[in-house]
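To start, the structure itself, in structure tokens.
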Amino acid sequence: MTSARRTARTLAAAAALALTAVLAGCGTERAGAGAGGTTPGANSGPPVRGDSSVDGSDASKYRENHAFQSTAELSPADRAKGDAEVAKVKAALAGIAEGRKATEPRIRAALAGLGHSSGAITTGTFGPHRNTFVLDLGTICVEGSLDGMVNGLVTAEAHGKYLEGTGCVKPVGGH
């Protein structure tokens, strides 16, 4: 029986070691390597927020592994419109964010009160006191959250559409 336990432990340790080696390889391929043969900076798509070359650092690997969440760059005019909308949204949602008064229907009503159609509004709930929202304003997306436990904190930011084709809703997945 002791021999069987030792063998099982040894096999489990070997499997864990092999799995660690496989998982550690994620994100280590350098730009320019592989079938495409592209070089850093040879993007043919629209400008990407946070686009940079891969240099092997941990930050570079993080950017590479999260590139599927990249957004299109906003023009200066769209950036100004987006920032103005963020200010309006924060002001409209501040009152319902305090004291756990935020619910998805109340958030939808507040955003509709700003003139947004119901088709442009996406809401969600994250935990017992946090709500999220996304506004699809064409080329501009406004994404944020309300936290009823942190003094009615409302966060929001404007950005372009996600390049993965999910519009204003953050894509799920990656490699």
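Worth a mention:
- Sequence of PHE126, PHE68 from largest to smallest accessible area, 1.4 Å probe: PHE126, PHE68
- If only the Cβ of Lys and Arg carry +1 and only the Cβ of Asp and Glu carry -1, the dipole of region 84-167 around its Cα centre is close to 280 debye.
- The largest accessible area among ASP78, ASP83 belongs to the first residue in ASP83, ASP78, and the rest follow in falling order (1.4 Å probe, all chains).
- Packing, taken as the mean count of other beta carbons within 10 Å per residue, orders the peptides 115-123, 158-166 from highest to lowest as 158-166, 115-123.
- Close Lys pairs in region 61-175 (alpha-carbon distance under 29 Å; sequence gap of 8 or more, or different chains): 14.
The values are calculated or read from the model by the stated rules, or taken from the named source; none is laboratory data. In this text, all values refer to a predicted model and were calculated from it rather than measured experimentally. Note that each Cβ is placed from the backbone with ideal geometry, even for glycine, and that neighbours are counted across all protein chains shown. Surface accessibility is based on the protein's heavy atoms, side chains included, excluding ligands, DNA and RNA. Shrake-Rupley method; radii C 1.70, N 1.55, O 1.52, S 1.80 Å.
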